[in-house]
Amino acid sequence: MIAAMPDLESARTVVTAGPQPEPLLSELSHAGAPGYRLPTLDVPEADSLDAVLLREDLPLPEIGELDVVRHYTHLAQRNVCIDSVFYPLGSCTMKYNPRVNEDVARLPGIAHVHPLQPDETVQGALELLYRLQQALTEITGFESATLQPAAGAQGELAGMLMIRAYHVDRGDARRKKVLVPDSAHGTNPATAAMCGYYTVAIPTDAHGEVDLDRLRAECDDTVAGMMLTNPNTLGLFERHLQEVTSIVHAAGGLVYGDGANLNAILGVVKPAEMGFDCLHINVHKTFSTPHGAGGPGAGPVVVSELLEPYLPTPLVVQGDDGSFALVHHRPKSIGRLKGFQGHFGILARAYTYIRMHGEDGLRQVSQTAVLNANYLRACLADLYDLAYDRTCMHELVISGRRLREQHGVRTLDVAKRLIDYGIHPPTIYFPLNVEEALMIEPTETESKATLDRFVRVMRRIAEEAADDPELLRAAPHLQPVGRLDEVTAARKPILRWGAAGSEE
Ligand SMILES: *Cc1c(COP(=O)(O)O)cnc(C)c1O
């Protein structure tokens, strides 16, 4: 059954389709109802394990197979995801994940390969990794790549560890300061701190870009580098980027590029040409692999010649005879960051996406992503304040300031009300330098009809804010749960069977 999205008129009365879910905290297990049957043993029985490895008591849920299926099906139906709703989550690039990626990732030669197999038995898998390294360096203009990091944040760690290794290698130990724009993603300063640096925030100027005077004032011989996102997290292109990178380079620092926002510039501009020394790529965002709720993703890092000696190991290389091998020993490497060869299944999906699109296709992805964001900007500008009134890139940042001032309705309330209309809320209260921020990234995979519906809903919500602000403050009204206690949910998550009981 294809459930129609609730339309504007019926959003107050619609009830979620299908069977109502179980109350959240009830346990379904019943003693004496085991739901499993072990297969007969088809290998020799092993000697019994050492007693220290065994538990006296192993409480497991007891529940029939059908009830297990229903339990997980209900949970899946409650999941709000890109496959069920429009999901304009700024900075996260929730685009459609083409199913051909899944077909490729499930090929036996990819899904069943063992990470400890000798290189000569996994030439195809190594070739895929090698070609992906090449594709990513080609797209970004850099020299070489590592595919190992498990996500964007770990890519940042890899990149900043390489920058640190570069300074240490040159005997330049004074450099302890990393510059980060005040609009940056929180992972940037966190990464710098994990590498032993302290950070200095560089303010944003009146055009939404790095304040060049403040940057110059902070650039001295203690600067290890700068971490920069372009397009930045306001969805704007830093027009003076080459000047920014030259100022940092002139002070002896290196420039780290946060490439999570690559969706705006594929095939249009290469980050290496803007002056970055290295860059991480969120393949799970830009190159469409399923993500959210913590993974799995992959955060390859591409680097210039300067940083190449410090790349993590192992690296995939091609020998003179055309065969592929993993290189484990490189004297200046920052070492291993992740088990085996990183998230191979995700990398296979990203490679498929890149090859399916080709150069022209990738350029079209970015052009359409930018067009869609600017379409929304033009349609919403009269009702929601634009953080900066400029052509945006792949996402736009608007402010709900006016709704708060006029009706006491906050951006959080707008976001919660969107859920009632069957839309995943955009990113809210980020970037931190925009009051009541809504950061909207429509992506290139949405139709004009979907964008138009989003605009109608946003306009309707602004009307509701004027007519009935309480309706928004108590939203969502149509979900299995309403306003959650998000602090307790984050601090005391109940994620497994039996955990609720043990909390009491
Ligand atoms: C998503 C994102 C990150 C972090 O990437 P993860 O894969 O979530 O670790 C870093 N910077 C920006 C701008 C991002 O959007």
When DSSP assigns beta bridges and you keep just the ones with both residues in the chain, what percent turn out antiparallel, to the nearest 5? 55 percent
Calculate one ³J(HN,Hα) per residue across the range 115-129 by plugging θ = phi - 60° into the Karplus curve 6.51 cos²θ - 1.76 cosθ + 1.60, and present them in order as whole Hz with x for glycine and proline. x, 9, 5, x, 3, 5, 8, 10, 4, x, 5, 5, 5, 4, 5
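Can you give the net charge of the other residues whose Cβ lies under 13 Å from the Cβ of Leu347, counting K and R as +1 and D and E as -1?
Around Leu347, the surrounding residues sum to +3.
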When a footprinting reagent is the concern and you count Cβ atoms within 10 Å, what order do Asp42, Asp67, Asp385, Asp103 take, fewest first? Asp42, Asp103, Asp67, Asp385
Scaled to the compact-protein estimate 2.2 N^0.38 Å, what is the alpha-carbon radius of gyration of the range 359-398, rounded to two decimal places? 1.27
Taking only the alpha-carbon positions of the range 359-483 as identical scatterers, the Debye log10 I(q)/I(0) at q = 0.18 Å⁻¹ comes out as -0.94
Step by step: find N for the chain, compute 2.2 N^0.38 Å, then divide the Cα radius of gyration by it. What's the final number? 1.08
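Hey, could you get me the Stokes-Einstein D for the range 100-356, Kirkwood radius over alpha-carbon pairs, 25 °C and 0.890 mPa s, rounded to whole µm² s⁻¹?
132 µm²/s
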Of all DSSP beta bridges having both residues in the range 100-356, the percent classed as antiparallel (nearest 5) is 40 percent
Expected vector for the range 139-150, Karplus 3J(HN,Hα) from phi with 6.51, -1.76, 1.60 and θ = phi - 60°, integer Hz, x for Gly and Pro, equals 5, 9, x, 8, 7, 8, 9, 10, 9, 6, x, 7
Extending each Cα 7 Å along its Cβ direction at Leu49 and Val68, get the distance between those two points in nm, one decimal. 1.9 nm
Given the chain, longest segment not containing exposed loop trypsin sites (Lys or Arg not before Pro) (DSSP; at most 15 other Cβ within 10 Å): 337-482
If the limit is 31 Å between Cα atoms, which of Lys338/Lys448; Lys95/Lys176; Lys95/Lys270; Lys270/Lys448 go over it? Lys338/Lys448; Lys95/Lys176
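Taken together, the values in this text are just the output of simple stated rules run on the coordinates, not laboratory data. Quick caveat: nothing in here was measured; it's all calculated off a predicted structure. Cβ coordinates were reconstructed from backbone atoms using ideal geometry, including for glycine residues, and neighbour counts include every protein chain displayed.
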